[in-house]
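Novice: The structure's right below; bear with me while I get my questions together.
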């Protein structure tokens, strides 16, 4: 692995976990629970550019009305017709609007390999952007554990799983997804979220390929 201290690994994990939270239905709890403050702390530990992006993201969330955010969220991700940025891997990798395809099952198998279980309260498909970001969080969390425990075999295994996941799944569809999201968004919050998501995922893919 390239030089990468334990603190940065843990911070990247937190950043992915908090980023996933932004893909649930928007509510003022994001601000009340200081999600953007925690995200900024994590991003600051990783990279100055990421920190600047997160700072803008939090400011834009505060500036928008909840109604505007909810309307944009619905238009982008739910529809009911002409969904502008389908948040599912299968749509982007197959070019079809049919959900729960082979790609969905493949990512679910990868979750099982990583010991990742989707919460029963999660009402989305396994290849939803939030689920994939949460899986990336888990992998980074386990990488941090392996580093903390000075366990080279565990580190090797989790890095290999990260590489499979990013190369075969998340890093393959994040760019067109983010582009559609940015093009369709009416709020600055979702445009910035699109750019931040692409930046985080692509930086993780670059890091893991250098391992």
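What follows is calculated from the coordinates using simple rules that are stated; it is not laboratory data. This structure is a prediction, so every number in the text was calculated from the model and none was measured. Cβ: placed from backbone, ideal geometry, glycine included. Neighbour counts: every protein chain shown.
Novice: Pairs under 6 Å by beta carbon, first residue on the phi > 0 side of the Ramachandran plot and in contact (Cβ under 8 Å) with a residue 12 or more places away in the chain in the stretch 58-73, partner surrounded by 14 or more Cβ atoms within 10 Å (Cβ to Cβ) and outside any loop (DSSP other than H, G, I, E, B), six or more apart or different chains?
Specialist: Partner pairs satisfying both residue conditions: none exist.
Novice: When both residues are 6+ apart or on different chains and their Cβ atoms are under 7 Å apart, which pairs have a first residue that lies in the stretch 12-38 and is surrounded by 14 or more Cβ atoms within 10 Å (Cβ to Cβ), and a second that is not in a helix (DSSP H, G or I)?
Specialist: Every condition considered, the pairs that remain are 23/87.
Novice: Scan the stretch 179-191 for residues that are in contact (Cβ under 8 Å) with a residue 60 or more places away in the chain, assigned to a helix (DSSP H, G or I) and in contact with a helix residue (DSSP H, G or I) (Cβ under 6 Å, 6 or more places away or on another chain) and jot them down.
Specialist: Answer for the stretch 179-191, where residues must be in contact (Cβ under 8 Å) with a residue 60 or more places away in the chain, assigned to a helix (DSSP H, G or I) and in contact with a helix residue (DSSP H, G or I) (Cβ under 6 Å, 6 or more places away or on another chain): 181, 184, 188, 189, 190.
Novice: Moving on to the next point. Assess whether residue 13 counts as being more than 21 Å from residue 181 (Cα to Cα) and touching a helix residue (DSSP H, G or I) at 6+ places or on another chain (Cβ under 8 Å).
Specialist: yes
Novice: In the list 51, 43, 85, which residue meets the criterion of being in contact with a helix residue (DSSP H, G or I) (Cβ under 8 Å, 6 or more places away or on another chain), assigned to a helix (DSSP H, G or I) and touching a residue at least 12 places away in the same chain (Cβ under 8 Å)?
Specialist: 43
Novice: Of everything in the stretch 192-211, what is more than 15 Å from the chain's Cα centre (by Cα) and either part of a helix (DSSP H, G or I) or at positive phi (or both)? Give them in sequence order.
Specialist: 206, 207, 208, 209
Novice: Restricting attention to the stretch 141-150, does a residue exist that is surrounded by fewer than 21 Cβ atoms within 10 Å (Cβ to Cβ) and within 15 Å of the chain's Cα centre (by Cα)?
Specialist: The answer is yes; a qualifying residue exists.
Novice: Moving on to the next point. Would it be correct to say that residue 153 is part of a helix (DSSP H, G or I), free of Cβ contacts under 8 Å to residues at least 24 places away in the same chain and either under 15 Å from the mean Cα position of the chain (by Cα) or loosely packed, with under 15 Cβ neighbours inside 10 Å (or both)?
Specialist: yes
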